[in-house]
Amino acid sequence: MSLPYVGQPGTPTEQLTDGADNPQNGTKPGLDSLPASTADLKRIALELRRQIVIMIGKAGSGHPGGSLSAVEIVTSLLFAVMRHDPANPKWPGRDRLVLSKGHAAPVLYAALATAGYFPKDWLNSLRKIGSPLQGHPYARSTPGVEISTGSLGQGLSVAVGMALAGRLDRADYRVYAVVGDGESDEGQIWEAAMAAGHYRLDNLVGILDYNGLQIDGPNREVMNVEPLADKWRSFGWHVQEVDGHDFAQLLSALATAADVKGQPSMIVARTTKGKGVSFMENVVDFHGKAPTAEQVELALRELIDV
Ligand SMILES: [Mg+2]
C-alpha cells in the first residue's frame, strides 16, 4: 500500500503540509527568543570547543576531530535556527536534531548543556560508567538527544522517518540531520537519500560535515565520495555548498533550505577536522584519540579569542 501523502510530480506540496488546524503547531518557545548575532554565535562556538577538548581529555577517549569540525553547524542549529525548548525537551512541536555522525557526541553534549538541557557538570562524566553522557548519543539517558546514533548511516534514515511522521501528523516541525563525509560510505545513507527524494520531504534538512577525513585517512583515498553535491542532486535533493565555519553562510543556507518546497535539502558544509586547535587540524589521528593533559592545556591556550 502506498502512502497517501507521496507527492506526484507537479503536486503542490503545500496542500500536503497544511497544519493550520494541528494543535502541535504554534509559536516558538524557549531559545527561539535568543538574540543570535554572529558575535553571540562565535562566543558560543568558542566555548563549545573548549568544553569538547576538556571533556574528551578528562574521559581519556573520544572523538575530538569530528566534534570540532561540526561546532558552527551545531551552534547555528541549536542557537539560531531550530525552535526548541530546553525546559521541555519532548515538546511535540520542536524541530528535531539527529546527529547521524554520532561519534561527534561531545559537540552535541556541549551545545545541549550550554542551551540548558542539563547541568554543565555532566560534561565531566563523559564516557564514564553510569554517566548519562555515553560515547555515542543515547536518547534514553540524555535530555535533548532525539535519537540514539553512532551506528553510521542509520541516523539519516531515522530522520527520514521523523520527517514522514511530521507530514502524516500535519505538524510543521523540521528535521535536521548532521551527516559525516566518512559516514557517506555507508549504503544506508544513499537509501535514505533516495527515500527522502522519493517522498519529496521538504521538512528535512541535511547538513553534511565535509571535513575530508575519516577514521582511516582522507576520504578520497579510503572511499572517494565526489562528486558529492551532484550525487545529492541526482537523488532529488536541493543542494547548497557553504563554508561550514562561516556563520553567515550557514545561516543563509539554512534560511534558503526552509523555503525549499517539494524536495529535501542538503547543505554540504566544507569544514576542517579538528578546527580551532592547531595540532589537531587535518590530523587523521585525532579522529578518535583523546588529547593528553598537556595537549588540553595547549589547546585551551589557543581557544581564547574569537
Ligand atoms: Mg569526516
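The values are calculated or read from the model by the stated rules, or taken from the named source; none is laboratory data. What you see is a predicted model; the values in this text were computed from it and never measured. All Cβ positions, glycine included, derive from the backbone under ideal geometry; neighbour counts span all protein chains shown.
Per-structure values
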item: Candidate set: segment 152-171, residues that are touching an Asp or Glu at 6+ places or on another chain (Cβ under 9 Å) and farther than 18 Å from Gly197 by Cβ; chosen: the one surrounded by the fewest Cβ atoms within 10 Å (Cβ to Cβ); result: Arg170
item: Long-range neighbours under 9 Å by Cβ, at least six apart or interchain, first residue under 18 Å from Asn124 (Cα atoms) within segment 60-73, second aromatic (Phe, Trp, Tyr) and within 12 Å of the ligand (Cβ to nearest atom); result: His63/Phe286; Pro64/Phe286; Leu68/Phe286
item: Filter pass, Gly276 being within 30 Å of Pro291 (Cβ to Cβ) and within 11 Å of the ligand (Cβ to nearest atom); result: no
item: Contacts under 7 angstrom Cβ, first residue in segment 180-191 being among the polar types (S, T, N, Q), partner near the ligand (Cβ under 10 Å from one of its atoms), 6 or more apart; result: Ser184/Val225
item: Matching entry among Tyr138, Tyr109 (being free of Cβ contacts under 8 Å to residues at least 24 places away in the same chain and either assigned to a helix (DSSP H, G or I) or closer than 27 Å to Asp181 by Cα (or both)); result: Tyr138
item: Sole residue being farther than 15 Å from Ile207 by Cα and within 16 Å of the ligand (Cβ to nearest atom), chosen from Gly62, Gly57; result: Gly62
item: Counted residues, segment 254-300 - those being of a type in the set (Asp, Glu) and either more than 27 Å from Leu228 (Cα to Cα) or surrounded by 16 or more Cβ atoms within 10 Å (Cβ to Cβ) (or both); result: 3
item: Close pairs (6 angstrom Cβ cut-off, 6 or more residues apart or separate chains): among the polar types (S, T, N, Q) in segment 198-212, modelled with pLDDT of 95 or more and within 16 Å of the ligand (Cβ to nearest atom) anywhere; result: Asn211/Ser69; Asn211/Thr271; Asn211/Lys273
item: Complete set of residues in segment 266-306 that are of a type in the set (D, E, K, R) and in contact with an Asp or Glu (Cβ under 8 Å, 6 or more places away or on another chain); result: Arg270, Lys273, Lys275
item: Residue match in segment 178-190 (condition: polar (S, T, N, Q) and either at positive phi or in a helix (DSSP H, G or I) (or both)); result: yes
item: Residues within segment 188-223 that are among the polar types (S, T, N, Q) and within 13 Å of the ligand (Cβ to nearest atom), tallied; result: 3
item: Matching residues, segment 244-273, being within 15 Å of Asn211 (Cβ to Cβ) and more than 16 Å from the ligand (Cβ to nearest atom); result: Asp246, Leu250
item: Candidate set from segment 188-215 (those that are within 20 Å of Gly274 (Cα to Cα) and β-branched (Val, Ile, Thr)); member that is surrounded by the most Cβ atoms within 10 Å (Cβ to Cβ); result: Ile207
item: Some residue of segment 96-104 being closer than 29 Å to Val160 by Cβ, under 17 Å from the mean Cα position of the chain (by Cα), within 16 Å of the ligand (Cβ to nearest atom) and hydrophobic (A, V, I, L, M, F, W, C); result: yes
item: Helices (runs of 4 or more DSSP H) contained in segment 227-306 and holding at least 3 residues touching a residue at least 40 places away in the same chain (Cβ under 8 Å); result: 247-259, 293-302
item: Residue that is farthest from the ligand (Cβ to nearest atom), among those in segment 224-238 that are within 19 Å of Thr272 (Cα to Cα) and more than 20 Å from the chain's Cα centre (by Cα); result: Pro227
item: Segment 173-187, residues that are away from the ligand (no atom under 16 Å from the Cβ) and either surrounded by fewer than 19 Cβ atoms within 10 Å (Cβ to Cβ) or β-branched (Val, Ile, Thr) (or both); result: Val175, Gly187
